[in-house]
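Colleague: The structure follows.
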2 protein chains.
Amino acid sequence: MAIKNAFYAQSGGVTAVINASAAGVLETARQHSDEIGNVYAGRNGIIGALTEDLIDTNADSAASIAALRYTPSGAFGSCRYKLKSLEQNRREYERLIEVFKAHNIGYFFYNGGGDSADTCLKVSQIADTLGYPIQAIHVPKTVDNDLPITDCCPGFGSVAKYIAVSTREASFDVASMSKTSTKVFILEVMGRHAGWIAAAGGLASSPDCEIPVVILFPEITFDKEKFLAKVNHCVREYGYCSVVVSEGVKGEDGNFLSDQGLRDAFGHAQLGGVAPVVANIIKDGLGLKYHWGVADYLQRAARHIASKADVEQAYAMGKAAVEYALAGHNSVMPTIVRESNTPYRWKVGMAQLANVANVEKMMPADFISEDGFGITPACREYLVPLIEGEDYPPYKDGLPDYVRLKNVAVVKKLDEFKI
Amino acid sequence: MAIKNAFYAQSGGVTAVINASAAGVLETARQHSDEIGNVYAGRNGIIGALTEDLIDTNADSAASIAALRYTPSGAFGSCRYKLKSLEQNRREYERLIEVFKAHNIGYFFYNGGGDSADTCLKVSQIADTLGYPIQAIHVPKTVDNDLPITDCCPGFGSVAKYIAVSTREASFDVASMSKTSTKVFILEVMGRHAGWIAAAGGLASSPDCEIPVVILFPEITFDKEKFLAKVNHCVREYGYCSVVVSEGVKGEDGNFLSDQGLRDAFGHAQLGGVAPVVANIIKDGLGLKYHWGVADYLQRAARHIASKADVEQAYAMGKAAVEYALAGHNSVMPTIVRESNTPYRWKVGMAQLANVANVEKMMPADFISEDGFGITPACREYLVPLIEGEDYPPYKDGLPDYVRLKNVAVVKKLDEFKI
């Protein structure tokens with residue numbers, strides 16, 4: 001029997017280190033070419049599998065694959081596409097099997113977050129439900145850090161480092177200007193459901209470099225008066241303060257604070273971020289001069305300031321996924337197991353996908369300070385190891401020399417499939 | 001006669017490298033302690049001189065002063081305060097002389113942009129106008145890159161590098177997502193009058209890493225139909241595009257594009273950035289999914305990704321200022337003189353302050369491409385050397401280990417002065 005090929009795809013919002021996981025998968029598979037044949041990547045995630053739009057990763061050199069380790073974004077393209085259940089869309093599963101059969105695919109590696117874990121779980125069950133032998137392993141990735149069982153999620157540490165560094169730098173800036181100009185800097189960060197990324201703003205302040213950082217968590221209902229009192233206190237005490245606000249903060253009415261019903265001069269609804277809303281609240285309530293920023297994609301793409309721990313874990317997850325597949329596992333996900341904080345030590349573990357899919361890990365309540373605007377020592381102890389170490393990409397002409405793969409298409413063998 | 005002391009102050013918006021200039025001034029002055037006594041820094045710029053709020057820089061160790069080289073923001077505090085003319089406010093000049101006399105100050109080093117050059121020029125004329133002997137030297141600094149005579153301005157190169165790197169990273173991100181999700185990423189950057197910083201977004205694309213970047217310069221009146229056609233073309237051609245928009249872009253009515261008369265649900269005027277306005281134009285005009293970010297202070301405080309050339313030039317300007325003072329000069333500013341592009345070579349020159357103050361250097365017209373949305377090869381040739389090289393700060397616990405000085409106050413000798 002010919003050895004089986006593997007399928008690898010990237011799913012959901014990309015990160016600074018998802019390609020490091022890809023490098024882990026591809027390099028490890030190449031080291032076991034006696035057990036795994038070709039690795040085909042899905043162009044734009046699972047869509048590439050459904051449409052038989054496969055990329056021949058053999059077309060790229062070992063050097064290019066190694067360069068994935070320091071290249072942000074999804075090298076093969078990602079997608080936001082969730083498979084329905086077998087009952088709801090049997091046709092898609094049958095199509096996947098057709099594609100897997102046509103290309104002799106026996107391993108399925110899916111690199112994503114919570115929704116993707118669910119997709120991966122469904123694929124892993126094809127063996128039982130539709131009688132096609134395949135081993136599906138999920139490779140964890142999400143800046144939201146909300147996957148269960150694993151201590152942390154690849155992608156999060158680098159966002160956390162970016163937000164902590166940026167908040168410290170902007171705080172130094174506003175401190176310099178505060179005598180005659182800006183007194184409050186507001187930074188909007190990602191995290192619609194959980195405050196993990198916002199919490200990282202709290203790391204900007206450390207025992208030897210105290211900075212007044214006020215955090216607005218999505219877990220805490222926004223209380224305008226309490227917030228204004230907090231900001232006012234910081235400005236009186238320190239002369240300035242920084243506010244790190246999660247895009248997911250909600251008001252007492254349960255609506256997102258960013259959803260302020262803004263209208264332009266013609267009455268058209270306008271979409272804004274939450275940072276300018278918070279800025280206006282400060283202007284109206286305290287009359288303080290402010291500046292605001294919105295990090296958006298910059299935060300999750302910032303490979304130039306990635307956390308070394310995060311890069312190493314992302315690579316390790318990809319490597320472990322292949323090793324687990326070769327050891328005969330199906331329907332599992334490699335995890336990060338924390339062994340100690342000081343020094344930071346971790347090892348690779350394993351979780352059953354059935355325990356991962358559709359479970360969201362929230363911030364523990366004891367990670368948020370009593371007043372609701374900061375992080376606790378326990379939270380700091382958890383977060384600091386995740387941002388430790390720098391892992392700089394190579395530069396050329398002043399810019400990171402990120403790789404672009406050839407992404408050569410595999411010749412199609414099947415009829416077209418519309419999704 | 002006792003040797004004279006020096007005064008040093010930071011003015012206007014701070015940068016990632018203004019403290020490198022401070023290090024240049026302080027270290028060079030310490031090397032000439034036989035000619036320059038103490039260096040007193042103004043707390044919060046010229047306000048520190050007027051209110052006799054002086055900082056004794058001797059209180060900080062050589063190691064702390066050296067650490068200024070890699071610490072962003074203004075270590076002594078900055079201010080936005082422009083001296084009026086001698087005729088309009090003679091009292092302020094007389095007060096400056098009182099403070100200078102009381103602390104035996106014979107050298108005045110002022111670290112700022114165009115407005116500060118004007119202040120420095122006025123101080124330099126005190127010798128003639130009010131008979132107090134002082135040598136005033138301006139140390140150039142501005143992210144706006146708009147000082148005349150000097151080839152570039154310390155602070156700009158690091159912002160340019162940050163914007164180029166961030167635009168490249170976010171472009172890689174949106175490219176990955178574009179099949180099923182975001183197709184346009186919009187980044188708002190500083191530069192209310194000149195498009196130097198926006199131009200740096202064009203560097204994200206290079207001959208070996210082509211990226212569709214559409215730039216909106218403040219020099220070019222916004223033309224909605226032309227802009228939408230350009231974005232649409234890029235998305236059809238590449239599948240995605242990035243838009244780098246200067247905060248200073250104006251519409252045909254002469255108003256800032258950011259000034260859209262937004263109202264909240266209660267009819268209150270809301271202040272927004274230009275990025276969400278451009279995002280709405282794309283949504284309404286093309287129906288494309290977008291994301292937007294606003295770099296704000298992050299861009300000018302980002303010492304973690306500073307340009308090495310910029311750091312070296314900032315330091316050299318501080319050093320040269322002290323050397324020019326010791327050589328007997330007054331009313332001058334050290335400049336950067338470009339000698340060659342490949343390899344990049346530059347030397348320190350000198351400009352008369354009278355030729356610097358109140359002169360704004362705009363982008364040459366031949367730096368903007370014919371369609372108004374990009375940079376020309378000449379612009380690229382000018383910009384690339386300015387972002388070359390990395391100069392990473394040291395890290396501790398995952399964060400840049402920036403220094404905070406003691407900022408010990410010099411004992412006051414005069415009565416209080418209200419500004």
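The values are calculated or read from the model by the stated rules, or taken from the named source; none is laboratory data. All values reported here derive from a predicted model rather than from experimental measurement. So basically every Cβ, Gly included, is an ideal-geometry build from the backbone, and we count neighbours across all protein chains shown.
Colleague: Within the group A:A301, A:A316, which residue is over 28 Å from A:K230 (Cβ atoms) and buried (at least 24 other Cβ atoms within 10 Å of the Cβ)? Please lay out each step first, then the result.
Modeller: Values: A:A316 fails: buried (at least 24 other Cβ atoms within 10 Å of the Cβ).
None of the other options fit; the residue is A:A301.
Colleague: Applying the selection to region A:320-375, what residues are polar (S, T, N, Q), surrounded by fewer than 17 Cβ atoms within 10 Å (Cβ to Cβ) and farther than 30 Å from A:K230 by Cβ? Full working, then the answer.
Modeller: Applying the first criterion (polar (S, T, N, Q)) to region A:320-375 yields A:330-331, A:335, A:340-342, A:352, A:355, A:358, A:369.
Remaining after also requiring surrounded by fewer than 17 Cβ atoms within 10 Å (Cβ to Cβ): A:340-342, A:352, A:355, A:358, A:369.
Listed by number, the residues that qualify are A:S340, A:T342, A:Q352, A:N355, A:N358.
Listed here are the residues, each with its yes/no results for (1) touching a strand residue (DSSP E or B) at 6+ places or on another chain (Cβ under 7 Å); (2) more than 27 Å from A:A327 (Cα to Cα); (3) hydrophobic (A, V, I, L, M, F, W, C).
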{"residue": "A:A2", "(1), (2), (3)": "no, no, yes"}
{"residue": "A:Q10", "(1), (2), (3)": "yes, no, no"}
{"residue": "A:P72", "(1), (2), (3)": "no, yes, no"}
{"residue": "A:F76", "(1), (2), (3)": "yes, no, yes"}
{"residue": "A:R80", "(1), (2), (3)": "no, yes, no"}
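Colleague: Could you grab me the full set of residues in region A:155-187 that are among the polar types (S, T, N, Q), surrounded by fewer than 24 Cβ atoms within 10 Å (Cβ to Cβ) and within 7 Å of chain B (Cβ to nearest Cβ)?
Modeller: Hits for region A:155-187 are A:T180, A:S181.
Colleague: Pull out all pairs, ordered by first then second residue, where Cβ-Cβ is under 9 Å, the residues are six or more apart or on different chains, the first lies in region A:65-78 and is at the interface with chain B (Cβ under 8 Å from one of its Cβ atoms), and the second is surrounded by fewer than 23 Cβ atoms within 10 Å (Cβ to Cβ) and assigned to a helix (DSSP H, G or I).
Modeller: Partner pairs satisfying both residue conditions: A:G77/A:I47.
Colleague: Now for a different question. Could you pull out every one of the helices (runs of 4 or more DSSP H) wholly within region A:91-202 that has 3 or more residues that are of a type in the set (G, A, S), within 29 Å of B:T71 (Cα to Cα) and over 18 Å from the mean Cα position of the chain (by Cα)?
Modeller: Working: elements: A:114-124, A:126-130, A:156-177, A:196-201.
Answer list for region A:91-202: A:156-177.
Colleague: With the requirement that a residue be β-branched (V, I, T) and more than 12 Å from chain B (Cβ to nearest Cβ), what does region A:45-64 give you? So that I can check it myself, show each step before the final result.
Modeller: Of region A:45-64, the ones β-branched (V, I, T) are A:46-47, A:51, A:55, A:57.
Result: A:I55, A:T57.
Colleague: OK, next. Can you name the condition, by its number, that A:F217 falls short on among (1) of a type in the set (A, V, I, L, M, F, W, C); (2) in contact with a strand residue (DSSP E or B) (Cβ under 7 Å, 6 or more places away or on another chain); (3) at pLDDT below 95?
Modeller: A:F217 satisfies all of (1) of a type in the set (A, V, I, L, M, F, W, C); (2) in contact with a strand residue (DSSP E or B) (Cβ under 7 Å, 6 or more places away or on another chain); (3) at pLDDT below 95 except (3).
Colleague: Residues that are small (G, A, S), farther than 21 Å from B:M190 by Cβ, touching a Lys or Arg at 6+ places or on another chain (Cβ under 8 Å) and within 14 Å of chain A (Cβ to nearest Cβ): does region B:290-312 have at least one? Talk me through it step by step, then tell me what you get.
Modeller: So the first thing to find is which residues in region B:290-312 are small (G, A, S), and the list is B:293, B:295, B:301-302, B:306-307, B:309.
Adding the requirement that they be farther than 21 Å from B:M190 by Cβ leaves none.
Scanning region B:290-312, I find no residue that is small (G, A, S), farther than 21 Å from B:M190 by Cβ, touching a Lys or Arg at 6+ places or on another chain (Cβ under 8 Å) and within 14 Å of chain A (Cβ to nearest Cβ), so the answer is no.
Colleague: Filter region B:75-117 for residues that are under 17 Å from B:N38 (Cβ atoms), among the aliphatic types (A, V, I, L, M) and buried (at least 21 other Cβ atoms within 10 Å of the Cβ) and give the result.
Modeller: B:A75, B:V99, B:I105
Colleague: Further, regarding this structure: Are any residues in region B:1-37 in a loop (DSSP other than H, G, I, E, B) and either within 12 Å of another protein chain (Cβ to nearest Cβ) or without any contact (Cβ under 8 Å) to a residue 40 or more places away in the chain (or both), and if so, which ones?
Modeller: Matches in region B:1-37: B:M1, B:I3, B:S11, B:G12, B:G13, B:V14, B:T15, B:A16, B:S33, B:D34.
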